[in-house]
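What follows is a set of notes on a single structure, which appears directly below.
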Amino acid sequence: MKQHKRFFICCGAVMFLSEIWKQWTLTFYINNGQYIWWYFPFQLCSIPMYVCLLLGVVHSEKIQWILISFLMDFGLLAGIFTFFDTSGMHYIYLPLTIHSYAWHVLLIIIGIWSGTAYENVYGYKHSHSHSLLPQDFLDCSCVYLACVLLATGCNLAFFQYGAINMFYINPYLPMSQKVFGTIADTFGNRTGIIVYILSTIFGAWLLHQMWIKLSKLTNNLQ
């Protein structure tokens with residue numbers, strides 16, 4: 001586990017330092033010293049940075065594996081599906097665009113590494129008898145929902161100070177994500193937000209099932 005822990009710490013540190021550069025560049029190079037709340041680092045794609053840093057200081061094995069489950073399910077989902085709509089990854093300043101692409105590629109690498117760590121070090125508790133929503137997935141889903149609640153609180157509390165849209169679920173702003181924006185236009189913004197949150201959980205669950213299938217296939221080949 002020490003090798004995996006060093007990997008997460010290094011990734012977290014690189015992401016944190018690069019995020020500081022991004023925030024400084026957006027504020028002082030792009031926006032003449034005024035902070036842009038829209039880019040505050042608390043999106044689903046940002047959470048893996050905090051999770052990786054937490055893995056460097058958390059000693060509880062149970063919490064460690066909940067966080068790793070989050071990375072291999074929700075973190076990997078965020079990395080993959082961002083490439084289905086790359087419009088939000090492009091900036092007028094090319095280094096920021098490069099940073100955005102590199103960030104999401106790193107999310108995929110971290111997600112794959114996490115799934116490998118989970119299999120090799122911890123093992124799947126539910127590999128032979130798993131229910132529709134096994135406990136390890138439920139635990140990391142609670143982490144996601146806690147982030148959703150915190151993001152909602154930030155959106156409601158700080159919207160008066162500027163355009164802020166953490167997790168893209170600000171009820172004061174129209175849903176901008178592809179497909180879900182269409183749902184919001186048809187059935188209302190709050191419905192679009194709820195469908196978006198539930199779809200994210202479902203997508204992460206599908207990835208979790210993929211890891212379970214890969215684990216069983218690996219065990220059968222051994």
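Output the relative contact order of segment 21-123, whole-number percent, from Cα pairs under 8 angstrom with separation of 6+ residues. Let's see the in-between values first.
Values: 71 pairs, mean separation 29.6, N = 103.
About 29 percent, as a whole number.
Express the relative contact order of the chain as a whole percentage, based on alpha carbon pairs under 8 Å and six or more residues apart in sequence.
23
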field: Cα-centred dipole magnitude for the chain, charges only on beta-carbon of K, R (+1) and D, E (-1), debye, nearest 20
entry: 280
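Pulled fully out, how much extra length does the chain show between VAL195 and LEU17, if you take 0.36 nm times their separation in residues and subtract their Cα-Cα distance?
Numbers: separation 178, 0.36 × 178 = 64.08 nm, distance 3.37 nm.
Fully extending the segment from VAL195 to LEU17 adds 60.7 nm.
Using the Cβ atoms and a cut-off under 13 Å, what net charge is assigned to the surroundings of HIS4, where Lys and Arg are +1 and Asp and Glu are -1? Present the calculation step by step, with values, prior to reporting the outcome.
Working: positive: LYS2, LYS5, ARG6; negative: GLU61, GLU119.
It works out to a net charge of +1.
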query: Which aspartates and glutamates have a Cα lying under 13 Å from the Cα of LYS178, excluding residues fewer than 8 positions away in the same chain?
result: ASP85
Share of carbon and sulfur in the accessible heavy-atom surface of the chain [1.4 Å probe, %]: 68
message: I'd like the distance between the alpha-carbon centres of segment 1-67 and segment 139-169, rounded to an integer number of Å.
response: 16
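Mind checking the per residue accessible area of the chain for me, 1.4 Å probe, whole number of Å²?
Details: 11710 Å² over 222 residues.
Accessible area per residue: 53 Å².
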task: Among [x] 1.16; [y] 1.09; [z] 1.05, find the value of Cα Rg over 2.2 N^0.38 Å that was calculated from the structure presented, and write down its label.
output: [z]
query: Which pairs break 29 Å Cα to Cα here: LYS5/LYS216; LYS62/LYS216; LYS2/LYS213?
result: none
query: Which whole-number percent gives the relative contact order of segment 1-61, counting Cα pairs below 8 Å spaced six or more residues apart?
result: 54
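The values are calculated or read from the model by the stated rules, or taken from the named source; none is laboratory data. Quick caveat, the model's predicted, so the values are computed rather than measured. Don't worry about glycine lacking a Cβ; one is built from the backbone with ideal geometry, like all the others, and counts go over all protein chains shown. SASA here: full protein model, heavy atoms, side chains in, ligands and nucleic acids out. Shrake-Rupley method; radii C 1.70, N 1.55, O 1.52, S 1.80 Å.
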